[in-house]
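Computed from the coordinates by the stated procedures, all read-outs in this text should not be read as laboratory data. Source: prediction; values computed, not measured. Reconstructed Cβ throughout: ideal geometry from the backbone, glycine too, with neighbour counts over all protein chains shown.
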Amino acid sequence: MTASPGLILASASPRRAELLTQLGLRFEVIPAHVDETYLSGEAPAAHAERLARNKAETVTRAAPGALVIGGDTVVVDRGRVLGKPGSAEEAVAMLLLLAGREHEVLSAVALSGIGDTVSAVGWARVRFRAFDAELARAYAVSGEPLDKAGAYGVQGLGAALVEAVEGDYYTVVGFPIVRFLELLERKGWRYVFGRLAPVG
């Protein structure tokens with residue numbers, strides 16, 4: 001039987017690590033540090049995919065025999081990209097911007113190593129319920145919004161802000177699982193509930 005390759009997550013995101021653990025996969029975490037500056041004229045999806053690929057490829061150079069997973073998530077409100085807030089005040093402003101309306105979430109995933117890098121982008125539309133500044137401030141004080149694009153986490157306390165999700169829920173969490181499984185197959189490996197098996 002062919003031994004499956006080692007998996008490395010090139011991200012410090014606890015959400016991505018939790019989802020890989022939920023899938024029963026063993027992996028190592030080696031966060032990649034890359035420049036996340038937007039390129040002139042770059043579309044949000046292209047930006048997320050480029051960063052996911054850069055993160056995976058950066059770690060691959062130090063671990064060429066493994067499959068390295070990179071990821072990046074962006075929140076888009078009426079064409080404007082909302083990154084991670086720099087303060088609680090900025091988080092409140094972002095949350096009030098999104099309150100009572102819909103926005104898009106794009107999460108890219110990339111697999112590098114053992115051949116070419118492959119990547120894909122997941123999509124979802126999220127609708128927030130209406131809420132006031134007092135509730136936004138209370139959420140910001142929890143600290144949860146500060147390390148998340150768009151200033152919320154759908155899998156945490158931020159679930160109380162979300163009225164509906166259209167599309168891939170796991171894209172909103174930050175790791176589009178189905179896209180990841182498709183990329184594994186493109187790399188020659190099939191996910192079989194807790195383990196990887198060669199395709200074919």
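Other residues within the sphere of radius under 15 Å centred on the Cβ of A138, judged by their own Cβ, net out at -2 (K and R +1, D and E -1). Taking the longest Cα principal axis of the chain as reference, the axis of helix 88-98 is set at about 90 degrees. Inverting the pair-averaged 1/r between distinct Cα atoms of the chain gives 17.3 Å as its Kirkwood hydrodynamic radius. Consider a paramagnetic label point 7 Å from the Cα of W123 along Cα→Cβ; state which residues of the range 43-63 have an amide N under 13 Å from it. In the range 43-63, the label zone of W123 (backbone N under 13 Å from the point 7 Å along Cα→Cβ) covers 44-46. Taken over the range 119-174, the ratio of Cα radius of gyration to 2.2 N^0.38 Å equals 1.16. Annotation: peptides 108-115, 34-41, ranked by per-residue average of other Cβ atoms within 10 Å with the highest first, follow the order 108-115, 34-41.
Annotation: lysines with alpha-carbon distance below 20 angstrom to K148 (same-chain offsets under eight excluded): K55, K84. Compared with the dominant principal axis of the Cα atoms in the chain, helix 177-186 is inclined by about 20°.
Net charge in the neighbourhood of A124 (other residues with Cβ under 13 Å of its Cβ; Lys, Arg +1, Asp, Glu -1) is -1.
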